[in-house]
Amino acid sequence: MYALKKAFAKYFPILDWGSRYNSKTLVNDLVVALIVTMMLIPQSLAYATLAGLQPEVGLYASMLPLILYAVFGTSSALAVGPVAVVSLMTATAISKMAISGTSEYLTAAIALALISGLILLVLGFLKMGFVANFLSHPVISGFITASGLQIAAGQLGPVLGIPLHGDNFLEIIISLWNEIKHAHFETTVLGLSVVVFLFFLKSGLRPLLRRVGLRDSLANMIVKVGPVLAIIVTTLVAWSMDLLGSGVRIVGEIPGGLPTLSLHIPKINLLAQLLVPAILISIVGYAESISVAQTLAAKKRERVDPDQELIALGASNIGSALSGGFPVTGGLSRSVVNFDAGAETPAAGAFTALGIALAIIFLTPLLYFLPYATLGALILVAILSLVGFGELLETWSFSKADFTAMLITIITTLTAGIETGLIAGVTLSMLLHLYTTSRPHIAIIGQIPGTAHFRNVLRHKVATDPEVISVRFDESIYFPNVRFLEDFVNDAVAANPAVKHFILECRAVNRIDTSALVSLEAINRRLKEGGIAFHLSEVKGPVMDQLKKSNFLEHLTGKVHLTHYGAVSSLNPDMAANTLNAAE
């Protein structure tokens, strides 16, 4: 019975934190929900338009996913819903098979959420949270930077009142160049005014509020809900000045009432078209979500379960599909607001969903005159904060390989599209990793006087024996680097005709695969033919267990030594002892 209860608690974290829920926690979560709801409404409307969908679809995607995450999620601060990058990926995937605004387009978006949710669920039950590790930080950073530039460029269309077309950044820029002369005056004035106001919110309002005596926490909250004010003011302006009659594009009638829950099983041909985009969206969404969740959990000294987060995000996306939404994930900005406002449990997200439901029922008629220029400005300003060329320069100074992966990801995403850019970045990252590990650092080492420690002969003043070559291999030995190790051994022996013993220090070796075993056997055989004994030192327990499963140790011409000092002292005890007792 206890085991069953424990299993249920693992897959339903709500049973854990729910048992400790009290009135004080309820009040705190309700306050947080009110703040996040005010922020999430404009974001949901804006990101739905970014995905090529009607604004209300963003609200639909912001209710049931939040409730399901509260049931299955392990982060108290993560807020699930539409985010910019995933919305762009959704638009990119669906625009190839349907026209924006049509029922076919919405059907494909719902199917994409469903497929992504199922993929995440399967990965979660298989405990494959490590899949996000294939997206290195430079690749993710480059992808988000390039996607941010593409999103920002695309939103200049609604801000200026011109149609922009293109599947990548270059095509959008060319379209902008051709269309900018047709910019609509009233739309441009309205859109740029909102952009200026939002930038003032991000940079100028907070210091101003602090100067007038407001606490930091209150000033931060006012800044976070500032976009709601932009929506209210521009909607009133559009209504009072009849901007619709002047050609300003407005949202129009938003269907009232809550969405009807329904399950649409995608047809085989649609499933085949959406499978690859769904996989990419799932991995990118999970990588972004788990990064945010773990960052916030560290601040609260909580633990986030990566595998359970896969299940939670999977359930959230299936919930989005059931309620007529599109793919969702954990968003940085709203999660930070959730955290700063003091969310104590995932219930804050469920209460936020309730707030959005009330907004759909009572407030949607008031959004009739909301200009699309306002939504474009909201996306434009929000997304520019994700563009990080400064990190590109920092990466260049730290790692040329990571810089290359990041730069190629940016260039490919901007010129060939987001899916191609992401695949190119991941592929290049893995190839660079294989190249780097195929040529690991190897050092000939000697004993430091006065110690039993051994260091690189090129970096330290050390004692060596001409009849003994000691080599430290700073990597696991596996198929990409075995040839490199063989060549190094051959060269080292050829350069030292007096050598009688070769010791391979394995302190950094965590794994030996079959290719490496064959290579070690070949090294042992060649050294034996040259009259040289082959020794190993500092071999870790798991690696030793592997070697014992083969015949390698039986044919080893030397010995396996517990420490490298023990290996050297067994071969030349006088030199080892004299060096140990010498002044450094």
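The values are calculated or read from the model by the stated rules, or taken from the named source; none is laboratory data. From a predicted model like this one, the values you see are computed outputs, not experimental measurements. Cβ sites come from the backbone with ideal geometry, for glycine too, and all protein chains shown count toward neighbours. To get the accessible areas, we keep the full protein, side chains included, count just its heavy atoms, and leave off ligands, DNA and RNA. Shrake-Rupley method; radii C 1.70, N 1.55, O 1.52, S 1.80 Å.
Results, tabulated for the structure shown:
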| item | result |
| --- | --- |
| The chain - charge dipole about Cα centre, Lys and Arg +1 at Cβ, Asp and Glu -1, debye rounded to 20 | 980 debye |
| Relative contact order computed over the range 33-182 (Cα-Cα under 8 Å; 6+ residues apart), in percent | 16 percent |
| Given 500/528; 127/548; 400/540; 528/549, the pairs whose alpha carbons are separated by over 20 Å | 127/548; 400/540; 528/549 |
| Given charges at beta-carbon only (K, R positive; D, E negative), |dipole| of the range 418-526 in Debye | 300 debye |
| Degrees, to the nearest 10: 400-416 long Cα axis against longest axis of the chain | 30 degrees |
| Among beta bridges that DSSP assigns inside the chain, antiparallel share in %, nearest 5 | 45 percent |
| Whichever aspartates and glutamates have a C-alpha closer than 12 Å to that of residue 461, once near sequence neighbours (fewer than 8 apart) are set aside | 584 |
| Inter-site label distance for residue 518 and residue 562 at 7 Å from Cα along Cβ, in nm | 3.6 nm |
| Formal net charge of residues neighbouring residue 551 (Cβ-Cβ distance under 14 Å; K, R +1; D, E -1) | +1 |
| Spin-label model distance (nm) - residue 279 vs residue 570, 7 Å beyond Cα toward Cβ | 4.9 nm |
| Principal axis box of the chain, alpha-carbon based, largest edge first, Å | 96, 65, 60 |
| Label-zone membership for the range 246-285, site residue 103, 7 angstrom Cα→C-beta point, backbone N under 13 Å | none |
| Charged-residue dipole, Cβ positions (Lys, Arg, Asp, Glu), the range 245-348 about Cα centre, Debye nearest 20 | 140 debye |
| For the range 228-302, the spread of Cα positions along each principal axis, largest first, Å | 48, 45, 24 |
| Per-residue HN-Hα couplings for the range 19-34 [Karplus 6.51, -1.76, 1.60; θ = phi - 60°; Hz; x = Gly/Pro] | 5, 9, 5, 9, 5, 5, 5, 4, 4, 4, 5, 5, 5, 4, 4, 4 |
| Alpha-carbon centroids, the range 324-364 and the range 243-316: separation in whole Å | 13 Å |
| Relative contact order, percent, the chain [alpha-carbon distance under 8 Å, six or more residues apart] | 22 percent |
| Partners for residue 24 among aspartates and glutamates (Cα-Cα distance below 12 Å; same-chain residues under 8 apart left out) | 344 |
| Local net charge near residue 410, Cβ-Cβ under 13 Å (Lys/Arg +1, Asp/Glu -1) | -2 |
| For the range 429-565, share of DSSP beta bridges that run antiparallel, in % to the nearest 5 | 35 percent |
| For the range 452-522, accessible area per residue (1.4 Å probe, heavy atoms of protein chains only), Å² | 50 Å² |
| Relative contact order %, the range 399-528, counting alpha carbon pairs below 8 Å whose residues are six or more apart | 20 percent |
| Solvent-accessible area, 1.4 Å probe, carbon plus sulfur percent, for the chain | 64 percent |
